Amino acid sequence: MGFTKLELEAFRDQPVDDLIGPGVRLLFVGINPGLWTAATNTHFARPGNRFYPALYLAGITDRLLDPSAGLDQAARQQLVGTGVGITNLVNRATVRADELSAPELQQGAASLVEFVEEWQPRVAAVLGVTAYRIGFSRPRAVAGRQPESLGGADLFVLGNPSGLNAHETAASLARSFHMAAEFAGVPLDPPRW
């Protein structure tokens, strides 16, 4: 499945449904949905995004999921059933995260605290240190487990899985995802990196 630029542009500013259910242990928090994600209503769906390869390499999923045409109900249920949830800091689709304003990120951070308080995951993992620094007014934050909690959850700031992030690979993301999942008590297969 593919989309033309014009088809994708029709999804600009659209929201994406959260993937979450009772008993969530590990909540992944993307910065905001891309246009492909909005078109498929599936987080991290754009081909080249390293999120699902990292989940597989980390042992969080037992197979490599292909979200490019959207996840089927079985794949969604597998994630929710293992205690994994996915949401966004800002739920507005753009081509690039740098299209978001600082006030949008700050409002998203405030809303995220309420979301985490409602769902009570053990761990919230924000995927993008720059967006975290801006949204939460923590200009010196570094990746890893944070000293403060988020809405009662242990807080991790991990790398952004976007293909635009040259600082991460699927394997490096998998190591940090595995650490956060283990901390959250998510059942894991042995890592595959």
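The values are calculated or read from the model by the stated rules, or taken from the named source; none is laboratory data. Owing to the predicted nature of the structure, the values given are computational and were not obtained by experimental measurement. Here the Cβ is made from the backbone with ideal geometry for all residues, glycine too, and neighbour counts use every protein chain on show. Only protein heavy atoms, including side chains, enter the accessible area calculation; ligands, DNA and RNA are left aside. Shrake-Rupley method; radii C 1.70, N 1.55, O 1.52, S 1.80 Å.
Structure above, values below:
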{"read-out": "Residue list for segment 95-109, filter: surrounded by 19 or more Cβ atoms within 10 Å (Cβ to Cβ) and under 21 Å from Arg50 (Cβ atoms)", "value": "Ala97, Leu100"}
{"read-out": "Enumeration of residues in segment 9-46 that are within 15 Å of the chain's Cα centre (by Cα), free of Cβ contacts under 8 Å to residues at least 40 places away in the same chain and either in a loop (DSSP other than H, G, I, E, B) or surrounded by fewer than 15 Cβ atoms within 10 Å (Cβ to Cβ) (or both)", "value": "Asp17, Asn41, Thr42, Ala45"}
{"read-out": "Matching residues, segment 117-128, being under 14 Å from the mean Cα position of the chain (by Cα) and within 15 Å of Glu148 (Cβ to Cβ)", "value": "Val123, Ala124, Ala125, Val126"}
{"read-out": "So Leu188, is it among the aliphatic types (A, V, I, L, M), touching a helix residue (DSSP H, G or I) at 6+ places or on another chain (Cβ under 8 Å) and open to solvent by 50 Å² or more (accessible area, probe 1.4 Å)", "value": "yes"}
{"read-out": "Given (1) surrounded by fewer than 19 Cβ atoms within 10 Å (Cβ to Cβ); (2) more than 18 Å from Phe51 (Cα to Cα), number of the condition Leu112 does not satisfy", "value": "(1)"}
{"read-out": "Leu6 being surrounded by fewer than 20 Cβ atoms within 10 Å (Cβ to Cβ) and either under 14 Å from the mean Cα position of the chain (by Cα) or not in a loop (DSSP other than H, G, I, E, B) (or both)", "value": "yes"}
{"read-out": "Residue in segment 161-169 that is buried (at least 19 other Cβ atoms within 10 Å of the Cβ), closer than 21 Å to Gly34 by Cα and not acidic (Asp, Glu) present", "value": "yes"}
{"read-out": "Looking only at segment 62-86, and only at residues there that are more than 26 Å from Trp193 (Cβ to Cβ) and touching a residue at least 24 places away in the same chain (Cβ under 8 Å), the one that is least open to solvent (accessible area, probe 1.4 Å)", "value": "Gly70"}
{"read-out": "For Met179: the one exception among (1) in contact with a Lys or Arg (Cβ under 9 Å, 6 or more places away or on another chain); (2) under 28 Å from Leu35 (Cβ atoms); (3) crowded, with 17+ Cβ neighbours inside 10 Å", "value": "(2)"}
{"read-out": "Checking Ile134 against (1) in contact with a Leu (Cβ under 8 Å, 6 or more places away or on another chain); (2) in contact (Cβ under 8 Å) with a residue 40 or more places away in the chain, the condition it does not meet", "value": "(2)"}
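Yes or no, residue by residue, for (1) within 19 Å of Gly23 (Cβ to Cβ); (2) part of a strand (DSSP E or B); (3) open to solvent by 70 Å² or more (accessible area, probe 1.4 Å); (4) touching a helix residue (DSSP H, G or I) at 6+ places or on another chain (Cβ under 9 Å):
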residue: Ala125; (1), (2), (3), (4): yes, yes, no, yes
residue: Ser137; (1), (2), (3), (4): no, no, yes, yes
residue: Arg145; (1), (2), (3), (4): no, yes, yes, yes
residue: Glu148; (1), (2), (3), (4): no, yes, no, no
residue: Arg175; (1), (2), (3), (4): no, no, yes, yes
